[in-house]
Amino acid sequence: MNVALAILWKDLVSEWRSRDRVVAMLIFSILMAVVFHFALPDQDPEALRALTPGLLWTAYLFAALLGLNRSFALELENDALGGLALAPGNRGWIFLGKAAANWVLISIVQVLTAGVFAVFYRVDLLPGLTGLASVVGLGTLGICAAGTLLAAMAVRTGFREVLLPVLLLPALFPILAGAVQGSMAAVAGRPVPFESLQLLFVIDGVYLIVAFLGFDYVLDE
Amino acid sequence: MKPGNETAPNPEADIPSPLEARMSRWRRPLGIVLGLLTIGYAWSVVSAPIDHTQGVIQKILYVHPPLAYGAYLGFVITGFAGMVFLGRGREDLDRLAIASAEVGVIFCTLMLVTGPIWARGTWGVWWSWDARLTVTLLLWFVYLAYLLLRGFGGRNPRTARFAAIYGVLGLVLIPLNYYVIEIFGSRSMHPENLKQGSLGDGMGLPFLLGNLALAGAFFYLLLLRWEVESQRAREDDQGSEARVGGPRAPKD
């Protein structure tokens, strides 16, 4: 447990000092909002509002891929990953620390991105904010669980930037299905359907368990 | 004990392993049975009656579901073989996982090709986001990614471990995807089940033979691919011995 907290703290401090990952993800997300404007021209504002949750999640997904790809890049320098593998205790805690750091950083970007989307697409997110926040928080937890595990694998193959999306996206479709349904309800001012939250809980649990156990073999040298 | 760093002699590290040697003896007889089955299968499909409503295109039935069973079987074997490899360091089962993933992808690809042809003929569209279609497409992507991971990572114990973890993740995704679809209730255009007697007169035999022949083809290809993989591993092994000039060199 202490290992997880130490790694979480280390990742947050190093990100605070450089701020490169959050800034890159944020700029990318804003660019996505602009891309959607050109990809869906001349939409009537009402229709666009209905599409916003889906667009928002598309931006979240790709921004998260960007951030996850970098989450182990730093650890390759001076073989820091090898050093981590030598740390005593269950390596699952290393995974949890990394995943928690990813979750925090991606969540920061998501909050800011949601604001940008609200302004660009004239959607009032405030009424359904708690529902939206819980869906996004849970969905991102699943993304970080699978993403951290797969990023640790992808970073040590020859084609890391290419491989992570190919590995990760198929695993994220169930999360996307639940998260978009939940977000649509929240944005429309309806209560988030119980099924969405239930689905996200189940997937988060399954991915966290698989990744916690699997991480031992990822770092194993 | 983790794969790749065991020091105790491991009887399963022989290439081919006892299991591989035993299984490869089955390949030739299976090939003969498969050849005979194929003749019967082809004859029965040709002589099967033509469906009243769907016409001749209904004969895809004798190929399409058996391909689906093969695809799922391949993915399940990949997942479980990977699990045993991770837990016990059985390299022969890692080779089985590769073989099974490749054969599974072939079956899945053929299913995804035959499906739209049938769909165009009966539903009028090439593709619908039907529950089973969606799940199968996602699984196809998972196992394509699995093969890419194998390809990009190269042939080493580390890639084998990564692939095994990914295979287990793929195995978890099968029920998870069905769960998603059950919750969000995408209406299925596939029949729920082939109930007893839901096939017309004279359609049972070709369907049965189709299942047997394609199951035979699945296992034949699986054994063949497994053999190839174990021969490759032996070549690698002998290569490293020759370079180091001693008994088997530690890998990675």
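The values are calculated or read from the model by the stated rules, or taken from the named source; none is laboratory data. Since the model is a prediction, treat every value here as computed from it, not as a measurement. Here the Cβ positions follow ideal geometry from the backbone for every residue, glycine too, while neighbour counts run over all protein chains shown.
Annotations
- Cβ separations smaller than 9 Å between residues 6+ apart or across chains give the following pairs from region B:38-61 residues that are free of Cβ contacts under 8 Å to residues at least 12 places away in the same chain to residues that are part of a helix (DSSP H, G or I) and exposed (fewer than 14 other Cβ atoms within 10 Å of the Cβ): B:50/B:56.
- Pairs, first part of a helix (DSSP H, G or I) in region B:15-37, second aromatic (Phe, Trp, Tyr), C-beta under 6 Å, six or more apart: B:30/B:220; B:31/B:220; B:34/B:220
- If you check B:141, B:162 for being without any contact (Cβ under 8 Å) to a residue 60 or more places away in the chain and buried (at least 24 other Cβ atoms within 10 Å of the Cβ), only one passes: B:162.
- Flag for residue A:69 being of a type in the set (S, T, N, Q), crowded, with 18+ Cβ neighbours inside 10 Å and either closer than 21 Å to residue A:160 by Cβ or modelled with pLDDT under 90 (or both): yes
- Taken over region A:154-191, residues that are within 20 Å of residue A:59 (Cβ to Cβ) and either at the interface with another protein chain (Cβ under 9 Å from one of its Cβ atoms) or touching a Gly at 6+ places or on another chain (Cβ under 9 Å) (or both) amount to 23.
- Checking residue A:76 against (1) in contact (Cβ under 8 Å) with a residue 60 or more places away in the chain; (2) in contact with a helix residue (DSSP H, G or I) (Cβ under 6 Å, 6 or more places away or on another chain), the condition it does not meet: (2)
- Test: residue in region A:172-195 that is in a helix (DSSP H, G or I), surrounded by 21 or more Cβ atoms within 10 Å (Cβ to Cβ) and either touching a Cys at 6+ places or on another chain (Cβ under 8 Å) or among the β-branched types (Val, Ile, Thr) (or both): yes
- Flag for residue B:149 being assigned to a helix (DSSP H, G or I) and facing another protein chain (nearest Cβ under 7 Å): yes
- Just one residue in the set A:216, A:204 is within 11 Å of chain B (Cβ to nearest Cβ), of a type in the set (D, E, K, R) and touching a residue at least 12 places away in the same chain (Cβ under 8 Å); that residue is A:216.
- Selection of region A:113-133 for residues being part of a helix (DSSP H, G or I) and in contact with a helix residue (DSSP H, G or I) (Cβ under 7 Å, 6 or more places away or on another chain) yields A:113, A:114, A:116, A:117, A:120, A:131, A:132.
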